[in-house]
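Colleague: First, the structure itself, so that you have it in front of you.
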Amino acid sequence: MCLRPESARALLHAERFARKALSPMDTAITIEFSSALASSMQPYMLFRKIWENTRRAWNYRVKQGKAHGSFDAIAVWEQPAHGPIHVHWLLRWSPLDRDDLERRIRRALKKLAPAMPNRCLMVQPAKTTSKFAKYMAKGIDAPYAAHFYLTHSPQGPIPHRRIIISRSLGPTAREVYRKATGLSPL
């Protein structure tokens with residue numbers, strides 16, 4: 001029913017680490033899974049396929065020299081009382097290639113869930129990632145919201161994992177960064 005405090009902390013630490021490591025995430029994506037999807041694939045499985053497709057595209061761009069670094073991304077699932085299930089996704093992608101990213105995701109959505117309307121996808125620049133990460137964490141358990149300086153907003157039940165964080169932003173990556181640079185990753 002809510003985002004656990006440990007999950008909210010992990011989400012906020014991942015975003016802060018990306019900024020501190022000088023590879024901030026700069027693209028915000030929201031995918032709304034409408035009722036048209038009910039007859040086909042489950043939203044979580046569909047999103048995992050899109051995540052993997054995007055990760056492979058990023059790795060290919062790195063091999064071509066068009067990008068550098070690891071695939072950095074975080075995602076949070078929500079199902080508010082007055083709306084469909086949707087996912088907010090924050091990732092690092094070149095602003096010059098954002099249109100290509102949107103085409104790639106739309107193509108995958110049409111292939112995997114042809115009944116989904118075009119309005120279900122919104123890709124935009126994330127100007128202030130710390131504010132967007134706080135927005136993503138708004139579903140935190142209400143008693144802990146003040147501790148994280150968040151405004152609680154109930155986000156409904158999710159029948160699978162509520163957050164996804166790429167390994168390049170997790171605790172192991174932060175420890176490697178701390179040992180390599182001698183600086184705090186947060």
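Colleague: Averaged over all directions, how much area does the convex hull of the C-alpha atoms of segment 106-145 cover when projected, in nm²?
Modeller: On the way: hull surface 17.7 nm².
With every direction weighted equally, the projected area is 4.4 nm².
Colleague: Let me ask another. Taking 30 Å as R0, compute the FRET efficiency from the Cβ-Cβ separation of L96 and Y149 and round it to 0.05. Don't jump to the answer; show the numbers that get you there.
Modeller: On the way: r = 34 Å, r/R0 = 1.12.
Working from the Cβ atoms, E equals 0.35.
Colleague: On to the next question. How are the Cα pair distances of segment 84-185 distributed, in percent, across 5 Å bins from 0?
Modeller: 2, 9, 14, 16, 21, 17, 12, 7, 2, 1, 0
Colleague: Quick one: Cα centre-to-centre distance for segment 126-170 and segment 65-95, in angstrom?
Modeller: 12
Colleague: A follow-up question, please. Tell me, what are the semi-axes, in whole angstrom and largest first, of the equivalent ellipsoid of the chain as set by the roots of 5 times the Cα gyration tensor eigenvalues?
Modeller: On the way: eigenvalues 132, 107, 33 Å².
Each semi-axis is √(5λ); the values are 26, 23, 13 Å.
Colleague: Moving on to the next point. With a 1.4 Å probe and every protein chain kept in, tell me what percent of the accessible surface of the chain is carbon plus sulfur. Show your work: numbers first, answer last.
Modeller: Values: 5560 of 10020 Å².
The C+S portion of the solvent-accessible surface of the chain is 55 percent.
Colleague: Given Y135, N118, G156, which one lies farthest toward the positive end of the charge dipole of the chain, if we put +1 on the Cβ of every Lys and Arg and -1 on the Cβ of every Asp and Glu?
Modeller: Farthest along the dipole direction, towards plus: N118.
Colleague: Need one number for segment 51-104: average projected area of the convex hull over its C-alpha atoms, nm². Kindly include the intermediate steps, with their values, before the conclusion.
Modeller: Working: hull surface 17.3 nm².
Projected over every direction and averaged, the Cα hull of segment 51-104 covers 4.3 nm².
Colleague: Might you report the magnitude of the Cβ-based charge dipole of segment 84-186 about its Cα centre, with Lys and Arg at +1 and Asp and Glu at -1, to the nearest 20 debye?
Modeller: On the way: 19 positive and 6 negative charges, 47 e Å.
Computed charge dipole of segment 84-186: roughly 220 debye.
Colleague: Tell me the label-point distance for the pair R107, L183, using the 7 Å Cα-to-Cβ offset, in nm and rounded to one decimal.
Modeller: Going by the 7 Å Cα→Cβ label model, 3.7 nm.
Colleague: Between E175 and R19, what is the FRET efficiency for a Förster distance of 22 Å, r being their Cβ-Cβ separation, to the nearest 0.05? Could you put the intermediate results ahead of the total?
Modeller: Working: r = 18 Å, r/R0 = 0.80.
The formula returns an efficiency of 0.80 here.
Colleague: For segment 1-113, with the dipole built from +1 on Lys and Arg beta-carbon atoms and -1 on Asp and Glu ones, taken about the Cα centre, which of P43, S23, H88 lies farthest toward the positive end?
Modeller: After comparing all options, I get S23.
Colleague: Here is a follow-up. Contact order normalised by length for the chain, with contacts defined as Cα pairs under 8 Å and 6 or more residues apart; what percent is it? Mind showing how you got there, number by number?
Modeller: Working: 270 pairs, mean separation 70.4, N = 186.
Worked out over the chain, it gives 38 percent.
Colleague: Let me ask something else. Counting each DSSP H run of 4 or more residues in the chain as -39500 (n - 2.57), what helix-only mean residue ellipticity at 222 nm follows after dividing by all residues, to the nearest 500 deg cm²/dmol?
Modeller: Numbers: 5 runs with 72 residues, N = 186.
Calculated mean residue ellipticity at 222 nm is -12500 deg cm²/dmol.
Colleague: If you don't mind, another one. What list of ³J(HN,Hα) values in whole Hz, one per residue of segment 2-11 in order, does the Karplus curve 6.51 cos²θ - 1.76 cosθ + 1.60 (θ = phi - 60°) give from phi, with Gly and Pro shown as x?
Modeller: After applying 6.51 cos²θ - 1.76 cosθ + 1.60, I find 9, 7, 5, x, 5, 5, 4, 4, 4, 5 Hz.
Colleague: Treating cross-link reach as a plain straight distance, find the lysines whose alpha-carbon is under 30 Å from the alpha-carbon of K131, omitting any fewer than eight places away in the same chain.
Modeller: Output for K131: K20, K49, K66, K179.
Colleague: Using Cα pairs closer than 8 Å and at least 6 residues apart in sequence, work out the relative contact order for segment 52-120, in percent. Mind showing how you got there, number by number?
Modeller: Working: 43 pairs, mean separation 15.1, N = 69.
Over segment 52-120, the number comes to 22 percent.
Colleague: How far, in nm, would the chain grow between T30 and R167 when pulled straight, counting 0.36 nm per residue and subtracting the alpha carbon separation?
Modeller: Values: separation 137, 0.36 × 137 = 49.32 nm, distance 2.10 nm.
Extending this stretch completely gives an extra 47.2 nm.
Colleague: I would also like to ask the following. Straight distance only, please: which lysines reach the Cα of K138 with their own Cα at less than 21 Å, same-chain residues fewer than 8 apart left out?
Modeller: K127
Colleague: Just in segment 50-93: which trypsin sites (Lys or Arg not before Pro) are loop by DSSP and have at most 12 other Cβ atoms within 10 Å? Don't skip to the answer; put the middle values down first.
Modeller: Working: sites: R55, R56, R61, K63, K66, R92; in loops: K66, R92.
Those satisfying the criteria are K66.
Colleague: For the chain, with every protein chain kept in place, what is the accessible area per residue (1.4 Å probe, Å²)? Kindly include the intermediate steps, with their values, before the conclusion.
Modeller: Details: 10020 Å² over 186 residues.
So the chain comes to 54 Å² accessible per residue, rounded to a whole number.
Colleague: How large is the charge dipole for segment 1-150, taken about the Cα centre, if only the Cβ atoms of Lys, Arg (+1) and Asp, Glu (-1) carry charge, to the nearest 20 debye?
Modeller: Working: 25 positive and 12 negative charges, 96 e Å.
The calculated dipole for segment 1-150 is roughly 460 debye.
Colleague: Still on this structure, I have one more. Applying 1/(1 + (r/R0)^6) with R0 = 41 Å to the Cβ-Cβ distance of T128 and H82, what FRET efficiency is obtained, to the nearest 0.05?
Modeller: 0.95
The values are calculated or read from the model by the stated rules, or taken from the named source; none is laboratory data. A quick note: this is a predicted structure, and the numbers were derived from the prediction, not measured. For neighbour counting, all protein chains shown are included, and Cβ atoms are generated from backbone atoms with ideal geometry for every residue, glycine included. Only protein heavy atoms, including side chains, enter the accessible area calculation; ligands, DNA and RNA are left aside. Shrake-Rupley method; radii C 1.70, N 1.55, O 1.52, S 1.80 Å.
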